[in-house]
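Below is one structure, written out as structure tokens; comments come after it.
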Ligand SMILES: [Zn+2]
Ligand SMILES: [Zn+2]
């Protein structure tokens, strides 16, 4: 038995060689042997290799010590299937030098369902895409005038504190204190879990077939634990947000009060700041607003005429067109 390593870790094993079967087309004799019966033992008609088929398990006839020399040649003159070793056709005597090989019988596979369903789904998706474009994406131009600028600013305040944090042991930062850890699943790994096997009949084209068993390893996922730790550490921590809002192009950031303590726990400092920049526009009838990036917001002056785009259906202003 040959064992072959296949790509993907699959393992192939030969379960032996067997005779293909064929039915005589001249005298109706059935289940003749592909290798042994080159002619019909009943009426003498030559074997038609196109009539070969795989036997049922009950009809299998083993070929011991099979020497495979290649798929049969097909005589170009009379069409008879001849052993790959033959130089001349046993039927008509023609030389077989230029002869092609016989067509192999395909193993029975479960028919793949290529129904029209896929096409209906594709057609449906195209219709939906067109509808979405028509209802929601289509745009038209509109003339607007800038009527004002608004802003809303937030200034964060941070305090130096001792805080509790959690993370994996190999990610604990320097300066961590009072570490306490427990096991917790961190990742998964594949572990072997048996194999899936299937047996197939392979036509060798010389009146025999080989039964080949292919086994593919199966895996399952298994959790991998690691130490998950809780610890104390000193951090600048966000404790407050100071908000302000106003009109015009100048943003007045909220003032940061002086820190009550200079160093150590309780010291305070300015943290991150963020703002939204709102542009007010009008088309003469309807007022509209857009939240923009700071640079874009600053670009526009009060009273400036602007060309922008709106959704063709809803009339909603497309702020990215500014
Ligand atoms: Zn016959
Ligand atoms: Zn011939």
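Every number in this text was worked out from the coordinates using simple rules, so none of it is lab data. Quick caveat, the model's predicted, so the values are computed rather than measured. Neighbour counts are summed over all protein chains in view; Cβ atoms, including those assigned to glycine, are modelled from backbone coordinates with ideal geometry.
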Taking the stretch 80-100 as the search range and keeping residues that are touching a residue at least 24 places away in the same chain (Cβ under 8 Å) and within 10 Å of ligand 2 (Cβ to nearest atom), which one is surrounded by the fewest Cβ atoms within 10 Å (Cβ to Cβ)? 90
Checking residue 52 against (1) within 45 Å of the chain's Cα centre (by Cα); (2) away from ligand 1 (no atom under 16 Å from the Cβ), which test does it fail? (2)
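Can you name every residue in the stretch 168-194 that is in a strand (DSSP E or B) and under 8 Å from residue 231 (Cβ atoms)?
Across the stretch 168-194, the qualifying residues are 177, 178, 179, 180.
Return the residues of the stretch 264-309 that are under 42 Å from the mean Cα position of the chain (by Cα) and assigned to a loop (DSSP other than H, G, I, E, B); say none if nothing qualifies. Steps first, please.
So in the stretch 264-309, the residues under 42 Å from the mean Cα position of the chain (by Cα) come out as 272-278, 289-297, 308-309.
Correct list: 293 only.
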If the Cβ limit is 9 Å and pairs must be 6+ apart or interchain, which residue in the stretch 246-269 that is within 30 Å of residue 301 (Cβ to Cβ) pairs with which residue that is part of a loop (DSSP other than H, G, I, E, B)? 246/252; 248/302; 249/301; 249/302
